[in-house]
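Accompanying notes for the structure given below.
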Amino acid sequence: MRRRTPPPPAPLPQREGVDPVRVRLPVAEGWDTVREYLVERLSGAGAGVIDAMFDAGVIVGADGRPVAADAPFEPGMFVWFHRELPAEVPVPFPVEVVYRDAHIVVADKPHFLATTPRGSHVTQTVLARLRHELGLPTLTAAHRLDRLTAGLVLFTVRPEERGAYQTLFRDRLVRKEYEAVAPYDPGLALPRTVRSRIVKERGVQAAREVEGEPNAETYVELAGHRDGRGRYRLVPATGQTHQLRVHLTALGVPILGDPLYPEVTAPVPAGDFRRPLQLLARRLEFTDPVTGAEHAFVSGRALLAWSSYAAWAGADRPPGVTPRATR
């Protein structure tokens, strides 16, 4: 099998930790100029926006020089540009760096902050923040956490090593342990291992369980309970979308603060950081595939609904203010 030639390095620097957009012209016919192709490819932006970008000289080639609107279409050619960043409400919680060496960075992510740029969350992401704060433009994520989930995330420093760390997750060589706060059910027999088949359809917010061969497995243990709330220890053997949230809901104890399970609720206003989802990626353990070191990391965060339910549920707390829990 012929190996694919890697693209040339980006001729534009990052902005606020965000890479420029790279577009490769297809090996096909049908366009006379670069402009014609980009207008079709980026139809959502509108021809006027594309023309303005050409006029401003912000669409560049591999040499970093502006590409003219009437430049001939060349199959396989690369062009780069920076997209207009969406207006984002700042997430007012810091990203804590748990560990850093020449190969990896382990971050302790707060609730409400996306792991990597996607959709309307671009600069307000862990990746963009760390690239900027640590001065590591090549930093990339080895895996992801949901925006609403807090806890440990692994990033790689060197692009050529990213695949080795991603393989750990693909081959289930990383031990992940989570913590959740949910209703306490004295009739629920725990510990137990939950196995089911979970599907997540494109365009549908919530995942669901269906009949068929299980593709999701979670060990669930009760770590404690008080005042009708349970503190659950969760050890997933697989990594399906929303797996832990789906499995606890199926057990009849949906995680507190979950806007999707058991029912999808109306979205909260931008900037409302009250009642975060009470799910935390507590531990991350693996053998480093590059250095051979044995790593075991623990989040320093705590779930507020366990330590102070009144503070977590308090309706009088203004939006944007989330007290930091103590363990």
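Loop-located GluC sites (Glu not before Pro) in the stretch 1-82 (DSSP state other than H, G, I, E, B) with a sparse environment of at most 14 neighbouring Cβ atoms within 10 Å: 16, 29. Semi-axes of the equivalent ellipsoid of the stretch 19-92 are 24, 13, 12 Å, computed as sqrt(5λ) over the eigenvalues of the C-alpha gyration tensor in descending order. Highest mean packing first, where packing is the average number of other Cβ atoms within 10 Å per residue, the peptides 120-132, 226-238 line up as 120-132, 226-238.
Accessible surface calculations at 1.4 Å, restricted to protein heavy atoms, place the stretch 207-295 at 46 Å² per residue. How are the C-alpha pair distances of the stretch 1-137 spread across 10 Å bins, as whole percents from the shortest bin up? The percentages, shortest bin first, are 11, 33, 29, 20, 7, 0. Dividing the alpha-carbon radius of gyration of the stretch 91-237 by the rule-of-thumb value 2.2 N^0.38 Å gives 1.19.
Only protein atoms count toward the accessible area here, which uses a 1.4 Å probe; on the chain, the carbon and sulfur part of that area reaches 50 percent. Hydrodynamic analysis of the stretch 135-202 uses the Kirkwood radius over alpha carbon pairs. Inserted into Stokes-Einstein at 20 °C and 1.002 mPa s, it gives a translational diffusion coefficient of 138 µm²/s.
Solvent exposure of the stretch 39-89, expressed per residue, is 57 Å² of accessible area, with all protein chains present and a 1.4 angstrom probe. Mean separation of Cα pairs under 8 Å and 6 or more residues apart, divided by the residue count, gives the chain a relative contact order of 13 percent.
One way to sum up the overall shape of the stretch 66-159 is the equivalent ellipsoid from its Cα gyration tensor, whose semi-axes run 30, 17, 11 Å, largest first. Over the stretch 98-180, Cα pairs under 8 Å with separation of 6+ residues give a relative contact order of 30 percent.
The residues packed around residue 105, meaning those with a beta-carbon under 14 Å from its beta-carbon, carry a net charge of 0 if Lys and Arg are +1 and Asp and Glu are -1.
Taken over the stretch 173-298, the ratio of Cα radius of gyration to 2.2 N^0.38 Å equals 1.14.
The values are calculated or read from the model by the stated rules, or taken from the named source; none is laboratory data. Owing to the predicted nature of the structure, the values given are computational and were not obtained by experimental measurement. Because the Cβ atoms are built from the backbone with ideal geometry, glycine has one as well, and the counts that use them run over all protein chains shown. Accessible surface is based on the protein model in full, side chains and every heavy atom, while ligands, DNA and RNA are left aside. Shrake-Rupley method; radii C 1.70, N 1.55, O 1.52, S 1.80 Å.
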